[in-house]
Amino acid sequence: MAVTLFDKVWRAHTVRELPSGQTQLFIGLHLIHEVTSPQAFQMIAEANLPVRHPERTFATIDHIVPTESQARPFADALAEEMTQYLERNCRRHGIRFFDLHSGQQGIVHVIGPELGLTQPGMTIACGDSHTSTHGAFGAIAFGIGTSQVRDVLATQCLAISRPKLRRVGVEGALGPGVYAKDVILAIIQHLGVKGGVGFAYEYGGSTFDRMSMEERLTVCNMSIEGGARCGYVNPDSTTVEYLRGRPYAPQADAFERAAQWWLSMASDPGAAYDDEVELSAAQIPPMVTWGINPGQSTAVDGRVPRLEEVPPDQQPEVKEALAFMALEPGQPIASVPIDVAFIGSCTNGRLSDLRAAAEIVRGHRVHSRVKALVVPGSVLVARAAEAEGLHEVFQEAGFEWRSAGCSMCLAMNPDKLVGRQICASSSNRNFKGRQGSPTGRTLLMSPAMVAAAAIAGEVTDVRRICR
Ligand code: SF4
């Protein structure tokens, strides 16, 4: 009988069915960071429990880490304290910590894949919403809360309900100036920010087949923004070749054996899904969000909605979004002025993202009104970009080149919007206050579109530049 990857992975990791109706699922890889782990460690200490599988647990600092001076102690006493907690907990429990001196520090969802920790057929958990990112490898990856981080630390298991499975198909080639970010923004716009509630998403079709692993990571990263519990792409030769030679991937003969098993985990032809939707890549333009959730988006040459164009039950939230964003109903999104341009985050802080943005920036200057920064997703991304001279392209154009971290994605470090500033951002959330100022405004778009906006000083169609 044809079986999906989701069911193969779920069955392989099921310990038992619980009386609650949930499944006790073994977690192959647990990724932790400084923000959601301190209380979890405190709880297992109070229960006098060890970490059940320290060799399956890996730590990094990303959310609070400053991206200008990283000298210790950090200027922010709370950031310093959180870092020290993580250092102590990792030492105490024998957990590998990719700290600032390791040369491998970075955003948790960037370092897992690039180090080869993330592999097909795995179950992965992390105390962060965007853990769905790792599904790009054909893993089932869940963002979990602090009490679940405690459970995974103590038992390496998670009590979880099985979601339904929706296949999200996209067929065809993307047009010029259209990127993986536009694909996922278009999917979320199509299905709604709550459309994925109760579902896992399998992304399939020739558009995803053609994508690099970094592009697939961008797509899976934002599954959670569409309400899905997780999202994945079936492993293929692109997946296998990405993993070959990565430090934590199997090596030599063990790699070939693992690769065979990874490929066998892909969904079988003819497997059944609870739901299927289909989009055409040719219909996807460069996208920009105009509102306060990632589903409130339009084509860059489109307009924000007029109230009468949306169903009555959606009018209050559209009205609220337009008021917060200070946009007029029916206004074109292009030419909206920006104050800040941010290229980075676990959605779009990888080498291919920086390359795409640098291509747009090369030979141009950042608009005099705009503060522009590039924050690589990891130290390894930063070093690879510097080896190609990308940092110089950005700096010559007037961008600041920062050290790796989450930065202005959620502004738990000093990188914050000020007052009503409006930011063109390659990150994943445009909620009110997300970038550090309660009244700050966020326009989500691809890194190339952020680069174009930084130069123009306003939202602009990247296709004018990259044609
Ligand atoms: S970059 Fe943003 S979304 Fe990603 S882990 Fe950091 S804060 Fe979370």
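The values are calculated or read from the model by the stated rules, or taken from the named source; none is laboratory data. Predicted, not measured: the structure shown is a model, and the values here were computed from it. Positions of Cβ are generated from backbone atoms using ideal geometry, with glycine treated the same way; all protein chains shown enter the neighbour counts. The protein model used for the area step is the full one, side chains on, heavy atoms only, and it has no ligands, DNA or RNA in it. Shrake-Rupley method; radii C 1.70, N 1.55, O 1.52, S 1.80 Å.
Using the structure shown, decide if GLY106 is crowded, with 18+ Cβ neighbours inside 10 Å and within 16 Å of the ligand (Cβ to nearest atom). When the stated conditions are applied, GLY106 passes them. Collect the residues in region 119-130 that are within 15 Å of the ligand (Cβ to nearest atom) and over 9 Å from LEU31 (Cβ atoms), keeping them in residue-number order. SER129, HIS130, listed by residue number. Among the residues of region 295-332, which ones are assigned to a loop (DSSP other than H, G, I, E, B) and either in contact with a Lys or Arg (Cβ under 7 Å, 6 or more places away or on another chain) or open to solvent by 30 Å² or more (accessible area, probe 1.4 Å) (or both)? Once the filter is applied, which keeps residues that are assigned to a loop (DSSP other than H, G, I, E, B) and either in contact with a Lys or Arg (Cβ under 7 Å, 6 or more places away or on another chain) or open to solvent by 30 Å² or more (accessible area, probe 1.4 Å) (or both), region 295-332 yields ASP301, ARG306, PRO311, ALA326, GLU328, PRO329, GLY330, GLN331.
Filtering region 372-400 to residues that are more than 15 Å from GLY349 (Cβ to Cβ) and open to solvent by 10 Å² or more (accessible area, probe 1.4 Å) leaves ALA387, GLU388, GLY389, GLU392, VAL393, GLN395, GLU396, GLY398. The set of residues in region 42-71 that are among the aliphatic types (A, V, I, L, M), under 21 Å from GLY103 (Cβ atoms) and either in contact with a helix residue (DSSP H, G or I) (Cβ under 7 Å, 6 or more places away or on another chain) or within 16 Å of the ligand (Cβ to nearest atom) (or both) comprises ALA59, ILE61, ILE64, VAL65. Of GLU87, GLU81, all but one fail to be open to solvent by less than 50 Å² (accessible area, probe 1.4 Å) and part of a helix (DSSP H, G or I); the exception is GLU87. Within region 136-164, the set of residues being among the small types (Gly, Ala, Ser) and open to solvent by less than 40 Å² (accessible area, probe 1.4 Å) comprises ALA136, GLY138, ALA139, ALA141, GLY143, GLY145, ALA154. If the condition is being assigned to a helix (DSSP H, G or I) and not acidic (Asp, Glu), then region 218-241 contributes THR218, VAL219, CYS220, ASN221, MET222, SER223, ILE224, GLY226, SER237, THR238, THR239, VAL240. In region 333-351, the residue that is nearest to the ligand (Cβ to nearest atom) out of those that are aliphatic (A, V, I, L, M), part of a loop (DSSP other than H, G, I, E, B) and over 22 Å from LYS416 (Cα atoms) is ILE333.
Going by what's in this entry, would ALA384 be described as among the small types (Gly, Ala, Ser), part of a helix (DSSP H, G or I), more than 16 Å from the ligand (Cβ to nearest atom) and in contact with a Phe, Trp or Tyr (Cβ under 8 Å, 6 or more places away or on another chain)? Answer is no for this residue. Restricting region 421-435 to residues that are away from the ligand (no atom under 13 Å from the Cβ) and in contact (Cβ under 8 Å) with a residue 12 or more places away in the chain, the residue that is surrounded by the most Cβ atoms within 10 Å (Cβ to Cβ) is ALA424. If you go through region 30-69 and keep only what is surrounded by fewer than 19 Cβ atoms within 10 Å (Cβ to Cβ), among the acidic types (Asp, Glu) and outside any helix (DSSP H, G or I), you end up with just GLU68. Number of residues in region 278-291 that are more than 18 Å from the chain's Cα centre (by Cα) and either more than 15 Å from ILE184 (Cβ to Cβ) or part of a strand (DSSP E or B) (or both): the value is 6. Counting only helices (runs of 4 or more DSSP H) that sit completely within region 117-217, those holding 1 or more residues that are over 25 Å from THR298 (Cα atoms) and touching a Leu at 6+ places or on another chain (Cβ under 7 Å) correspond to 146-155. Only one entry in LEU191, LEU217, LEU243 is more than 25 Å from VAL15 (Cα to Cα), touching a residue at least 40 places away in the same chain (Cβ under 8 Å) and either among the polar types (S, T, N, Q) or open to solvent by 10 Å² or more (accessible area, probe 1.4 Å) (or both), namely LEU191. Might you let me know whether region 401-412 holds any residue that is more than 12 Å from the ligand (Cβ to nearest atom), in contact (Cβ under 8 Å) with a residue 40 or more places away in the chain and open to solvent by less than 50 Å² (accessible area, probe 1.4 Å)? Yes, that holds for at least one residue. For the subset of region 222-237 comprising residues that are touching a helix residue (DSSP H, G or I) at 6+ places or on another chain (Cβ under 6 Å) and closer than 16 Å to PRO120 by Cα, which member is most open to solvent (accessible area, probe 1.4 Å)? So, considering only residues that are touching a helix residue (DSSP H, G or I) at 6+ places or on another chain (Cβ under 6 Å) and closer than 16 Å to PRO120 by Cα, the one most open to solvent (accessible area, probe 1.4 Å) is ASN234. Can you report the number of residues in region 244-295 which are farther than 25 Å from ALA173 by Cβ and touching a Leu at 6+ places or on another chain (Cβ under 7 Å)? Counting residues in region 244-295 that are farther than 25 Å from ALA173 by Cβ and touching a Leu at 6+ places or on another chain (Cβ under 7 Å) gives 7.
Against the criterion of being among the aliphatic types (A, V, I, L, M), open to solvent by less than 10 Å² (accessible area, probe 1.4 Å), closer than 28 Å to GLN70 by Cα and within 16 Å of the ligand (Cβ to nearest atom), LEU354 qualifies.
With the structure loaded, tell me whether ASP274 is in contact with a Lys or Arg (Cβ under 7 Å, 6 or more places away or on another chain), open to solvent by 10 Å² or more (accessible area, probe 1.4 Å), modelled with pLDDT of 95 or more and farther than 25 Å from GLY457 by Cα or whether it fails that test. Judged against the criteria, ASP274 is a match.
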